[in-house]
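A short write-up of the structure that comes next.
The values are calculated or read from the model by the stated rules, or taken from the named source; none is laboratory data. Bear in mind that the values here come from a model prediction, so they are computed numbers and not experimental data. Using ideal geometry, Cβ is built from the backbone for each residue, glycine included, and neighbour counts are taken over all protein chains shown. What goes into the accessible areas is simple: the full protein's heavy atoms, side chains included, and nothing from ligands, DNA or RNA. Shrake-Rupley method; radii C 1.70, N 1.55, O 1.52, S 1.80 Å.
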Amino acid sequence: MMLSCGVSTSSYRVPPIVTFCHNNPHQPTAKHGESESVVTRRALSLLATATATATTTTAAFSLPILFSDSSGRRSEASAAATPQFSDLPESGGVKALDLRIGDGDSPVNGDKVAIHYYGRLAAKQGWRFDSTYDHKDETGEPVPFSFTLGSGKVIPGIEEAVRSMKVGGIRRVIIPPSQGYQNMSQEPIPPNFFDRQRLFTTIFNPTRLANGEGSTLGILIFDIELVSLNHL
C-alpha cells in the first residue's frame, strides 16, 4: 500500500508488543498519584523515541525525489541502490544523502542563496507540508526560496545542509527537532494557512511534548536543490 506522499507503509516498523512484568527492575514504576495507564503511556513514548531515528531513516529512502529537469519539467528520480546517509560535521545531528553533486561554488556566511525544496514531516508519515514548486510567480513559474546564509532566520538544519553543498547539487536531509522549528516565525514558513497550522500544531503539541515525544515530533525530511548563490 502506498501513502499519498509516495511512502510505502512497509517502510514503517511497528514497535513490538511490550509486556510489563511486576518483577522487572527496568519497568517504569508509577509516581505518586499516577495510574498504571499513565506509566504505560510514558513507557511507550520512550520506546517510540528509541526507534524513531532508525524508522525515519528507513522512511526517508522510500520518499520520491522530485525536481525539475533542464527543460523545466518535473520528474521523479530514485536514490542509489544502497544509499548511505552521513552525519554533517558540527550540524547538531543533521543527516545528509547527496543525490547529485553540484559543479558550482559552495556558499559562505553572508551569501544570498536560492534553493528549491520539498519539506516533509516524519511524524505525519512523510506528509509534504511545503514545496517551492507550489510557489508560483505571475507567469506560473516556480519561485525558489532565497535567504542569506548565516542570518539565523532559517531553521538551522537547512543552513547546515546548504553550507556544504555546491550550486547544482541536490541533497536529502533528515533534520532532528533541535535543528528544526523552534518557533513559528522561523523560515521557511508554509504559505498555506492549513498546512502551516497542521505543521505547527503537530510539532508544538503540548500534550505529546509532555508525554516525552519531543525528540520525534519535529523531525523533518527536506530535499534541497541549491539553485544559485550571490556573494554579497
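What to note about this one:
- Within segment 128-195, the GluC sites (Glu not before Pro) that combine a DSSP coil assignment with at most 15 other C-beta atoms in a 10 angstrom radius are Glu138.
- Sorting the segments 223-230, 113-120 by their mean number of nearby beta carbons within 10 angstrom, highest to lowest, gives 113-120, 223-230.
- Members of Lys112/Lys153; Lys124/Lys153; Lys95/Lys124; Lys95/Lys136 lying beyond 22 Å, as alpha-carbon distances in this model show: Lys124/Lys153; Lys95/Lys136
- Looking at segment 80-173, the accessible area is 46 square angstrom per residue; that uses a 1.4 Å probe and ignores ligands, DNA and RNA.
- Other residues within the sphere of radius under 14 Å centred on the Cβ of Phe194, judged by their own Cβ, net out at +1 (K and R +1, D and E -1).
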